[in-house]
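First the structure, in the form of structure tokens, and then the observations on it.
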Amino acid sequence: QVQLVESGGGLVQPGGSLRLSCAASGRIFSFNVMGWYRQAPGKQRELVAAITLGGSTNYADSVKGRFTISRENAKNTVYLQMNSLKPEDTAVYYCNANQFNVNYWGQGTQVTVSS
């Protein structure tokens with residue numbers, strides 16, 4: 001079994017920054033892809049950013065130029081640096097990791113952008 005634990009969420013003013021972390025533990029061999037999704041109230045969960053084992057990245061258009069995803073393979077950890085935050089970035093952010101075509105999810109961390 002694999003467990004993902006997110007941290008780093010919170011309340012921030014518009015224009016501010018936050019860094020999310022997600023640490024994986026358990027029966028880990030290699031995560032082909034790790035990523036971050038978010039779900040705002042009344043909306044579907046959407047992909048924010050993803051990164052492959054080799055370091056290739058993919059971002060939602062709404063966060064390009066503001067968010068940066070990175071990972072430390074030796075620590076089985078993925079990060080999301082969020083800058084220039086906007087109220088529309090408010091959501092629960094979920095970590096995701098894929099191993100052998102099985103998706104694992106964290107419990108989510110709340111990010112609220114408000115003045």
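Counting only trypsin sites (Lys or Arg not before Pro) that DSSP places in a loop and that have at most 11 other Cβ atoms within 10 Å, the longest clean stretch of the chain runs over 65-115. Rolling a 1.4 Å probe over the protein heavy atoms gives the chain an accessible area of 53 Å² per residue. Largest to smallest in accessible area, the residues Val111, Val12 fall in the order Val12, Val111 (1.4 Å probe, all protein chains included).
Within the same chain, lysines fewer than 8 places from Lys43 are excluded, and of the rest, those with a Cα less than 29 Å from its Cα are Lys64, Lys86. For segment 19-65, the list of chymotrypsin sites (Phe, Trp or Tyr not before Pro) that fall in a loop by DSSP and count at most 14 other C-beta atoms within 10 angstrom reads Phe29.
How large a share of the accessible area of segment 1-76, in percent, is made up of carbon and sulfur atoms when the probe is 1.4 Å and the other protein chains stay in place? For segment 1-76, the apolar C and S fraction of the accessible surface comes to 48 percent.
The values are calculated or read from the model by the stated rules, or taken from the named source; none is laboratory data. Note that the structure is a prediction, hence the values are computed from the model and not measured. Heads up, the Cβs are rebuilt from the backbone with ideal geometry, glycines too, and the neighbour counts pull from every protein chain shown. Quick note on the areas: whole protein, heavy atoms, side chains included, nothing else; ligands and nucleic acids left out. Shrake-Rupley method; radii C 1.70, N 1.55, O 1.52, S 1.80 Å.
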